[in-house]
There are 2 protein chains.
Amino acid sequence: MPADDSTLPRILTPVALSPENFKPYGDVIQTAGKDFHYINNRQVARYHDLAEVDTLEEGGKPGISLFVAQPYAYPMRIAEMERHPLSSQAFIPLQGRPFLIVVAEPGETVRPEALRAFISDGTQGVNYHRAVWHHMLLAMDEPATFVVVDRIGSGPNCDICAMNDGEETVMLTLSD
Amino acid sequence: MPADDSTLPRILTPVALSPENFKPYGDVIQTAGKDFHYINNRQVARYHDLAEVDTLEEGGKPGISLFVAQPYAYPMRIAEMERHPLSSQAFIPLQGRPFLIVVAEPGETVRPEALRAFISDGTQGVNYHRAVWHHMLLAMDEPATFVVVDRIGSGPNCDICAMNDGEETVMLTLSD
């Protein structure tokens, strides 16, 4: 007897992150393929202003934090997504290790079919634009430290959307 | 015949960087010894707001850039120092490798005896406060990439102070 399709999970498989494919969600912070100019007597190459830092709404200020993320086991179920309605949020990995990114475009809620998954090669960071839905940090294999540039300020700035409330189950899987 | 002391260079030797010893110059961006709180269902530890990001003066905005720094050979002569009169500037190493920091407290010029040198253990970044004199990026051994959070904006925001104009020569040396 064939499986009942309605009970099969939707499979989400990451694709290699690039500035082009991530454009609907934000910026990729990377040197590869980007322009630079020399400073400091040509001792330093400056890859200038790679992300739209949007942190000043409602009295906010930009801040630098460090996040230490525990890894998940994959495949994993996407249980919830979050967004920051007032600000951008950037994550840059400090140990050069790949990590996963799951996003959906801004909107009141998140539909399972709107989810997209990317994998950073470990030299790439991301900056989610304001109100872009994103999963919590998705480290792989071992704990990972990220530098985070986001809004420091008061007031509610994190919405959560629970997935699977009567919708398809979405499983994030490392390969097809 | 004894050497003429007046022609001997001043030797500057780095000490291990810490939030305490770097306090006159800015912030150390590190997790070690810092408080954190859990977010994301305790999957992530947030070390919150570790640096005073000061980038809004005269229409500036905060930005994220990447700098790729070529290493110097040490000992090296300290030829010039720079400062940003309008803003802070943060540097966080992306490959976990030690780097050197040479600073002096704000003032119209830099006296050789005011210079201090520190070594980051590679998990530590620094944020120079506004107008703190600092040397250009001092990578060690091999090229190093840093995430930089500084002011994006127009107008002059970099003063240079040439060292050794009739002063002592200062040599940055890795060990005593």
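The values are calculated or read from the model by the stated rules, or taken from the named source; none is laboratory data. Source: prediction; values computed, not measured. Counting neighbours? That spans all protein chains shown, and the Cβs are built from the backbone with ideal geometry, glycine included. Surface areas here come from the heavy atoms of the whole protein model, side chains and all, with no ligands, DNA or RNA. Shrake-Rupley method; radii C 1.70, N 1.55, O 1.52, S 1.80 Å.
Of the residues B:Arg42, B:Arg10, B:Arg83, which is more than 23 Å from the chain's Cα centre (by Cα) and of a type outside the set (S, T, N, Q)?
B:Arg42
For segment A:5-16, give me the residue count where each residue is more than 19 Å from A:Thr123 (Cβ to Cβ), of a type outside the set (A, V, I, L, M) and surrounded by 11 or more Cβ atoms within 10 Å (Cβ to Cβ).
3
Return the residues of segment B:12-40 that are out of contact with any strand residue (DSSP E or B) (no Cβ under 6 Å at 6 or more places or on another chain), over 21 Å from A:Ser88 (Cα atoms) and free of Cβ contacts under 8 Å to residues at least 24 places away in the same chain; say none if nothing qualifies.
Once the filter is applied, which keeps residues that are out of contact with any strand residue (DSSP E or B) (no Cβ under 6 Å at 6 or more places or on another chain), over 21 Å from A:Ser88 (Cα atoms) and free of Cβ contacts under 8 Å to residues at least 24 places away in the same chain, segment B:12-40 yields B:Ser18, B:Glu20, B:Lys23, B:Gly33, B:Asp35.
So is B:Glu57 more than 18 Å from the chain's Cα centre (by Cα) and surrounded by fewer than 17 Cβ atoms within 10 Å (Cβ to Cβ) or not?
So B:Glu57 fits the description; yes.
Within segment B:51-77, how many residues are assigned to a loop (DSSP other than H, G, I, E, B), touching a Pro at 6+ places or on another chain (Cβ under 9 Å) and among the aliphatic types (A, V, I, L, M)?
Count: 2.
Taking segment A:150-162, which residues are among the aliphatic types (A, V, I, L, M) and in contact with a Ser or Thr (Cβ under 8 Å, 6 or more places away or on another chain)? Break it down stepwise before answering.
We begin by selecting, within segment A:150-162, every residue among the aliphatic types (A, V, I, L, M); these are A:152, A:160, A:162.
Residue satisfying the conditions is A:Ile152 alone.
Does segment B:48-55 include one or more residues that are more than 8 Å from chain A (Cβ to nearest Cβ), touching a helix residue (DSSP H, G or I) at 6+ places or on another chain (Cβ under 9 Å) and modelled with pLDDT of 95 or more?
First pass over segment B:48-55, keeping only residues more than 8 Å from chain A (Cβ to nearest Cβ): B:52, B:54.
Okay, now just the ones that are also touching a helix residue (DSSP H, G or I) at 6+ places or on another chain (Cβ under 9 Å), so none.
No, there is no match, as no residue in segment B:48-55 is more than 8 Å from chain A (Cβ to nearest Cβ), touching a helix residue (DSSP H, G or I) at 6+ places or on another chain (Cβ under 9 Å) and modelled with pLDDT of 95 or more.
So for segment A:17-25 (the condition being within 11 Å of chain B (Cβ to nearest Cβ), surrounded by fewer than 19 Cβ atoms within 10 Å (Cβ to Cβ), at pLDDT 95 or above and not in a strand (DSSP E or B)), does at least one residue qualify? Write out each step before concluding.
In the first step, residues of segment A:17-25 are kept if they are within 11 Å of chain B (Cβ to nearest Cβ); the result is none.
So far as segment A:17-25 goes, no, none of its residues is within 11 Å of chain B (Cβ to nearest Cβ), surrounded by fewer than 19 Cβ atoms within 10 Å (Cβ to Cβ), at pLDDT 95 or above and not in a strand (DSSP E or B).
Report yes if B:Ala131 is touching a residue at least 24 places away in the same chain (Cβ under 8 Å), hydrophobic (A, V, I, L, M, F, W, C) and part of a loop (DSSP other than H, G, I, E, B), otherwise no. Break it down stepwise before answering.
Details: touching a residue at least 24 places away in the same chain (Cβ under 8 Å): yes; hydrophobic (A, V, I, L, M, F, W, C): yes; part of a loop (DSSP other than H, G, I, E, B): yes.
Yes: the conditions hold for B:Ala131.
If you scan segment A:118-128, which residues turn out to be of a type in the set (A, V, I, L, M, F, W, C) and either within 10 Å of chain B (Cβ to nearest Cβ) or not in a strand (DSSP E or B) (or both)? Talk me through it step by step, then tell me what you get.
Our first condition is that a residue be of a type in the set (A, V, I, L, M, F, W, C); within segment A:118-128, this holds for A:118-119, A:126.
Once the filter is applied, which keeps residues that are of a type in the set (A, V, I, L, M, F, W, C) and either within 10 Å of chain B (Cβ to nearest Cβ) or not in a strand (DSSP E or B) (or both), segment A:118-128 yields nothing.
Filtering segment A:92-103 down to residues that are closer than 20 Å to A:Pro143 by Cβ and open to solvent by less than 10 Å² (accessible area, probe 1.4 Å), which residue is nearest to the other protein chains (Cβ to nearest Cβ)?
The residue in question is A:Ile92.
Look at segment B:29-47 and say how many of its residues are within 11 Å of chain A (Cβ to nearest Cβ) and either part of a loop (DSSP other than H, G, I, E, B) or within 21 Å of B:Arg97 (Cα to Cα) (or both).
11
Is it true that some residue in segment A:46-54 is out of contact with any His (no Cβ under 9 Å at 6 or more places or on another chain), surrounded by fewer than 17 Cβ atoms within 10 Å (Cβ to Cβ) and within 27 Å of A:Ala104 (Cβ to Cβ)?
The answer is yes, given that some residue of segment A:46-54 is out of contact with any His (no Cβ under 9 Å at 6 or more places or on another chain), surrounded by fewer than 17 Cβ atoms within 10 Å (Cβ to Cβ) and within 27 Å of A:Ala104 (Cβ to Cβ).
Please state which of the following conditions A:Met136 fails to meet, knowing it meets all the rest: (1) at the interface with another protein chain (Cβ under 10 Å from one of its Cβ atoms); (2) under 15 Å from the mean Cα position of the chain (by Cα); (3) part of a strand (DSSP E or B).
For A:Met136, the failing item is (3).
Among the residues in segment B:69-91, are any free of Cβ contacts under 8 Å to residues at least 24 places away in the same chain and open to solvent by 40 Å² or more (accessible area, probe 1.4 Å)? Show your work before the answer.
Start the filter on segment B:69-91 by keeping residues that are free of Cβ contacts under 8 Å to residues at least 24 places away in the same chain, which leaves B:73.
If we keep only those that are open to solvent by 40 Å² or more (accessible area, probe 1.4 Å) as well, we get B:73.
There is at least one residue in segment B:69-91 that is free of Cβ contacts under 8 Å to residues at least 24 places away in the same chain and open to solvent by 40 Å² or more (accessible area, probe 1.4 Å).
I need the full set of residues from segment A:117-172 which are surrounded by fewer than 15 Cβ atoms within 10 Å (Cβ to Cβ), of a type outside the set (Asp, Glu) and over 13 Å from A:Ala79 (Cα atoms), in order please.
Listed by number, the residues that qualify are A:Pro143, A:Ser154, A:Gly155, A:Pro156, A:Cys158.
Using the structure shown, decide if A:Ala139 is touching a helix residue (DSSP H, G or I) at 6+ places or on another chain (Cβ under 9 Å) and under 24 Å from A:Ser18 (Cα atoms).
On the way: touching a helix residue (DSSP H, G or I) at 6+ places or on another chain (Cβ under 9 Å): no; under 24 Å from A:Ser18 (Cα atoms): yes.
Against the criterion (touching a helix residue (DSSP H, G or I) at 6+ places or on another chain (Cβ under 9 Å) and under 24 Å from A:Ser18 (Cα atoms)), A:Ala139 does not qualify.
If you take the residues in segment A:78-119 that are hydrophobic (A, V, I, L, M, F, W, C) and in contact with a Pro (Cβ under 7 Å, 6 or more places away or on another chain), which one is farthest from A:Asp49 (Cα to Cα)?
So, considering only residues that are hydrophobic (A, V, I, L, M, F, W, C) and in contact with a Pro (Cβ under 7 Å, 6 or more places away or on another chain), the one farthest from A:Asp49 (Cα to Cα) is A:Ala117.
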